[in-house]
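The values are calculated or read from the model by the stated rules, or taken from the named source; none is laboratory data. The structure presented is a predicted model; accordingly, all values stated were derived computationally and were not measured. No Cβ is skipped: glycine too gets one built from the backbone with ideal geometry, and neighbour counts run over all protein chains shown. What goes into the accessible areas is simple: the full protein's heavy atoms, side chains included, and nothing from ligands, DNA or RNA. Shrake-Rupley method; radii C 1.70, N 1.55, O 1.52, S 1.80 Å.
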Amino acid sequence: MTDTPIEVDRRTLLVSAAALAASQLLPDTPALGAAVEAAAKPGEFDFLTGSWRIHHRRLKAAEGNEWDEFPGEATCWSVLAGAGSIEELRIPARNFSGLGIRLIDVEKRIWTDFWVNARSGVLSPPPLTGSFKNGVGTFTAEETENGQVTIARGVWDRITKKSCRWHQAVSKDGGKTWKANWFMDWTKA
């Protein structure tokens, strides 16, 4: 099956976005994820390649305990011979879309996970960094707001050929305790 001109243009745009992210941000990315043994290698995000249906379960408020559940979808590509992964996330129920760009620093053996919200079109700092160990990818980022340090941790687990899970938690006490705030259960479409 031959790609349509629109599909070729979309793939070219996504690869260009990944290259731009790498050239602009990757060298200055904090190594917070280095706490996880840095052993990343190209191809580790290849499991995401394809079209997905996603069940989201997200906290309605950061300090609350009430969850919101909604459907979403994503299309993902492996690029740069497995050194990059592009995710186009769509959540029609929330009129939301975004772009995940994951790139490996082959020398440092660490992944960097960038996010672009379609509403702003800007790479959101800070990116998460990390690697996979025993089939689980753990990625972290540290952010300071009003003098309060918050660590965000995203985890890819339960990875099979037809499904996977991503979940996020935050810590405001240096990683002693974590509060889960988002679960995404992915199923191949």
For this session: May I ask you to list the residues in the stretch 56-77 that are open to solvent by less than 10 Å² (accessible area, probe 1.4 Å) and free of Cβ contacts under 8 Å to residues at least 40 places away in the same chain?
Result: C76
Exercise. For the stretch 152-169, how many residues are assigned to a strand (DSSP E or B) and in contact (Cβ under 8 Å) with a residue 24 or more places away in the chain?
Worked result: 6
Problem set entry | Where A81 falls short, out of the listed (1) assigned to a loop (DSSP other than H, G, I, E, B); (2) modelled with pLDDT of 95 or more; (3) on the phi > 0 side of the Ramachandran plot | (1)
For this session: Name the residue, out of G147, G121, G154, that is under 18 Å from E88 (Cα atoms) and at pLDDT below 95.
Result: G121
Exercise. If only one of T75, T112 is closer than 20 Å to V136 by Cα and of a type in the set (S, T, Y), which one is it?
Worked result: T112
Exercise. Quick one: is S51 open to solvent by 40 Å² or more (accessible area, probe 1.4 Å) and part of a strand (DSSP E or B)?
Worked result: yes
Exercise. From the list T138, T129, which residue is under 20 Å from E88 (Cα atoms), assigned to a strand (DSSP E or B) and in contact (Cβ under 8 Å) with a residue 40 or more places away in the chain?
Worked result: T129
Exercise. Would you pick out the residues in the stretch 105-126 that are open to solvent by less than 90 Å² (accessible area, probe 1.4 Å), in a loop (DSSP other than H, G, I, E, B) and under 21 Å from A74 (Cα atoms)?
Worked result: A118, S120, G121, V122, S124
Exercise. List, please: which pairs have Cβ atoms under 7 Å, are six or more places apart or on different chains, and start with a residue in the stretch 176-189 that is open to solvent by 40 Å² or more (accessible area, probe 1.4 Å) and end with one that is outside any strand (DSSP E or B)?
Worked result: T187/K162; K188/K162
Seminar exercise, completed: Counted residues in the stretch 62-78 being charged (D, E, K, R) and either in a strand (DSSP E or B) or on the phi > 0 side of the Ramachandran plot (or both) come to 3
Exercise. Can you name the residue in the stretch 141-151 that is in contact (Cβ under 8 Å) with a residue 24 or more places away in the chain and over 12 Å from the mean Cα position of the chain (by Cα) and is also farthest from E44 (Cα to Cα) among such residues?
Worked result: Q148
Seminar exercise, completed: Reported set for the stretch 78-87 where residues are touching a strand residue (DSSP E or B) at 6+ places or on another chain (Cβ under 9 Å) and open to solvent by 40 Å² or more (accessible area, probe 1.4 Å) is S78, L80
